[in-house]
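Following: one structure in structure tokens, then a few remarks.
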There are 6 protein chains.
Amino acid sequence: MSITVYRKAHFNAAHRLYRKDWDDEKNKSVFGKCSNPNFHGHNYELEVGISGSIDKETGFLIDMEELKNIIKEEVEEYLDHKNLNMDIPDFKEMNPTMENIAILIWDRLRNKLNSKFKVSVKLYETPRNFVVYTG
Amino acid sequence: MSITVYRKAHFNAAHRLYRKDWDDEKNKSVFGKCSNPNFHGHNYELEVGISGSIDKETGFLIDMEELKNIIKEEVEEYLDHKNLNMDIPDFKEMNPTMENIAILIWDRLRNKLNSKFKVSVKLYETPRNFVVYTG
Amino acid sequence: MSITVYRKAHFNAAHRLYRKDWDDEKNKSVFGKCSNPNFHGHNYELEVGISGSIDKETGFLIDMEELKNIIKEEVEEYLDHKNLNMDIPDFKEMNPTMENIAILIWDRLRNKLNSKFKVSVKLYETPRNFVVYTG
Amino acid sequence: MSITVYRKAHFNAAHRLYRKDWDDEKNKSVFGKCSNPNFHGHNYELEVGISGSIDKETGFLIDMEELKNIIKEEVEEYLDHKNLNMDIPDFKEMNPTMENIAILIWDRLRNKLNSKFKVSVKLYETPRNFVVYTG
Amino acid sequence: MSITVYRKAHFNAAHRLYRKDWDDEKNKSVFGKCSNPNFHGHNYELEVGISGSIDKETGFLIDMEELKNIIKEEVEEYLDHKNLNMDIPDFKEMNPTMENIAILIWDRLRNKLNSKFKVSVKLYETPRNFVVYTG
Amino acid sequence: MSITVYRKAHFNAAHRLYRKDWDDEKNKSVFGKCSNPNFHGHNYELEVGISGSIDKETGFLIDMEELKNIIKEEVEEYLDHKNLNMDIPDFKEMNPTMENIAILIWDRLRNKLNSKFKVSVKLYETPRNFVVYTG
């Protein structure tokens, strides 16, 4: 009997989509205005889902305060008010698309959460574009 | 060829998280400010999903007016403007966590809906914390 | 390793729910005020989901600009500011319920998108009633 | 010491923007796709504001249940699931723009509310276009 | 040249609307289900507005971090996860209607903010009922 | 008899809050993490309000398509996917706080709109922080 709880969080960051091994023209044709050399940015809104069984003693799947703190440490403190390309080592060689950011977040949370839980990540890059990754 | 329709509803309630067999100190350490002896409360926002096949004659999966009325009778009239711990028999011995409330709602709806349908429940305890239960 | 990206869009349309082979009384008893002979209407809000694998070169599942344009051509230009019963051939004989509109949209998008992708459609008829179709 | 309370409501309707004394070409050039002869429609979302002084005895500005019922009778039952051009006498000669609908709603509510209150109306025609009228 | 900045916050609380000097029947007839003797509750969502002139040196009207902290100390820590009737001295003799809660919040913030600023408070008791107080 | 219509728009941008004539330590103490030298960014959500009298012939205050296009040209094309500090001349010497961005937008729109209208600008820097400027 599985159930899933969700917690929202958010961070603001600058980024640029491009490949170093492509010239400006190619980057522009593939990534459009997202390849602006001086960066642009987003308010990323995050929903983390945790699936598993309810603890009979507490009626909790997981303590939401604990989940909130893990998200704060692993995601908000790592990514908030940062330049994803310049400040985050994971994106030195990898394009910070919303797909890749979602996978990075999932990996960081998966690593800190009890293996009995399933983890999912929904990440809004804008109110109109978002991504879901479940591992 | 399955399809799922969703209907939103809402109710407001007071509750307290605690176990009678634990002392105040233990309740506080596990449930934090949610164990305030005088209760606190929430606007619960509910999304009920019904999955199945479309009726060829009407183009409906289910008559949404009928679904709205079932939710009103089984959920809103039962839980709205109540103290979950004191007024709802199901929570006399069970902690009214969002997980347990979602399961109670699912059970009550499942009982009233045609068995050909699958039922899911998404319950927001706050705009930032929510739960999904699918049976 | 599958991931899903989502793009929102919207269109406004008039419609009426009824069957030509039923008299007014029967239409009224089944479809209620939705069978008003002079039509009523909605702001339909759409979320299109595309699932598949990330392109290693770009970090994209699909170019969101391309997806935006396909939705614009196949859904917005086809349905926006229309009377679904009178202006859309698909609904000459089929009731324009939200279920049938979602399936029509899914079919039109499925037809234009690379077969390596899975497609899902979430359609809000009102902020309180919506439907999900995944094929 | 003035304070303002607000109540939300909603209705769905079809409409068409045009002038009978203009030909199709002129209507099209002024009203664009909103002049589609077969109508289109919207989910209108309404916020009604009432300003005045608090009743010391109850702590209410106005009983929100009473306000809810007045909005239901004067707005929802009058406009919901209607064709504004064909079913609503006020729009037989007047264009049902969001501006004119807001004024009609304000007039109907003003007429039913105690003259000691100030009344304001915010009407969303879509989530992106809305109007405020305060008399 | 005045400008207004806004900051959102939130708290969850239980309350009951009633007058001690009225019997149950009268309380029920005036306050309806809001007078449930065992309380009910809400997620209160708050928007605080501060009006004044921009500081030329920083480009800020007010440091939003400072505003966030004042709201946290004066509102969230005072009201969150509380029973408004039992835990908050201001409501020992005064009904905790949304109107009175908004005025209490305004008074507490006004007291801590520089007198050069104008202060406004918007308080959502539910997503459908809210109040604005500007002093 | 004045009425106000509103239109939403949005743009994404990178920025940094700092003064060139202050050292890093002072910038950090005043602007906190917003002074990150490598920038961060936001999805700016905009609501433009236009007040005036209704045109009796059309029932419009202003043609919303025209307003949409003016916002697109003056705001979205000027600011979207830009680094506000590096790409926008107005912010070469002025800090791109939400207050200053709102005033810049107001000035650009005021300049293009008929002087018979009043103009207001509401700008969300995040879903939790926003500003209103009315000239």
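Read-outs: derived from the displayed coordinates by stated rules, not from any lab. This one's a predicted model, so the numbers in the text were calculated from it and none came from an experiment. Here the Cβ positions follow ideal geometry from the backbone for every residue, glycine too, while neighbour counts run over all protein chains shown.
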Just in the range B:22-73: which trypsin sites (Lys or Arg not before Pro) are loop by DSSP and have at most 16 other Cβ atoms within 10 Å?
-> B:K56
Rounded to the angstrom and largest first, Cα extents along the principal axes for chain B equal 60, 25, 25
Every other copy gets compared here: list the nm distances from the D:S2 label point (7 Å along Cα to Cβ) to its counterparts, shortest first, one decimal.
-> 1.3, 1.3, 5.6, 5.6, 5.8
Please list the non-local residues whose amide H lies under 5 Å from the amide H of F:L61, H modeled 1.01 Å from N, same-chain partners needing a gap of 5 or more.
-> F:D55
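Taking the Cα centre of the range B:18-80 as the origin, how large is its charge dipole in debye, to the nearest 20, when only Lys and Arg (+1) and Asp and Glu (-1) carry charge on their Cβ atoms?
Taking the Cα centre of the range B:18-80 as origin, the dipole is about 520 debye.
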E:N111 versus E:D90: modelled label distance in nm, points set 7 Å from Cα along the beta carbon direction = 0.8
Whole-angstrom gap from the range B:106-135 to the range A:81-104, using each part's C-alpha centre = 36
What percent of all Cα-Cα pairs in the protein assembly as shown falls in each 10 Å bin, counting up from 0?
-> 2, 12, 21, 27, 24, 12, 2, 0
Checking the range B:54-135 for GluC sites (Glu not before Pro) in a loop per DSSP with at most 12 other beta-carbon atoms within 10 Å yields B:E57, B:E93
What's the average, rounded to a whole number, of partner chain beta-carbon atoms within 10 Å of each residue's beta-carbon in B:26-35?
-> 2
Average partner chain C-beta neighbours within 10 Å, per residue of F:1-13?
-> 6
How far, in whole Å, is the nearest Cβ of chain F from the axis relating it by rotation to chain B, and which residue carries it?
-> F:P127, 5
Compute the FRET efficiency between C:T58 and B:M1 as 1/(1 + (r/R0)^6), taking r as their Cβ-Cβ distance and R0 = 35 Å, and round to the nearest 0.05.
-> 0.55
Straight-distance crosslink candidates among lysines, where the alpha carbon sits under 26 Å from D:K92 and sequence neighbours closer than 8 are dropped = C:K28, C:K33, C:K82, D:K20, D:K26, D:K28, D:K33, D:K72, D:K82, D:K112, D:K122, F:K56
Rounded to the nearest Å, the spacing of the alpha-carbon centers of the range C:5-51 and the range D:40-55 is 25
Counting Lys +1, Arg +1, Asp -1, Glu -1, what net charge surrounds A:E65 among other residues with beta carbon under 11 Å of its beta carbon?
-> +2
Sort A:Y133, D:Y78, F:Y124 so that the residue with the fewest other Cβ atoms within 10 Å of its own Cβ comes first and the one with the most comes last.
-> D:Y78, F:Y124, A:Y133
What are the distances, in nm and sorted shortest first, from the label point of B:K118 to the label points of the same position in each other copy, with each label point placed 7 Å from Cα along the Cα-to-Cβ direction?
-> 1.1, 1.1, 5.4, 5.4, 5.5
Using θ = phi - 60° and the Karplus form 6.51 cos²θ - 1.76 cosθ + 1.60, what ³J(HN,Hα) does each residue of the range B:124-135 get, whole Hz, x for Gly and Pro?
-> 8, 7, 9, x, 10, 10, 8, 9, 10, 10, 10, x
For F:H10, residues with placed amide H under 5 Å, excluding near neighbours | F:L46
Output field shielding_mean for C:77-90 (other chain Cβ, 10 Å radius) holds 3
Net charge near B:L46: determine it from the other residues with C-beta under 9 Å of the C-beta of B:L46, scoring Lys and Arg +1 and Asp and Glu -1.
-> 0
Shortest first, in nm, what separates the label point of D:E25 from those of the same position in the other copies (7 Å along Cα→Cβ)?
-> 4.6, 5.0, 7.6, 7.6, 9.0
Using a 10 Å cut-off on Cβ atoms, rank the peptides E:102-112, B:38-48 from the highest mean neighbour count down.
-> B:38-48, E:102-112
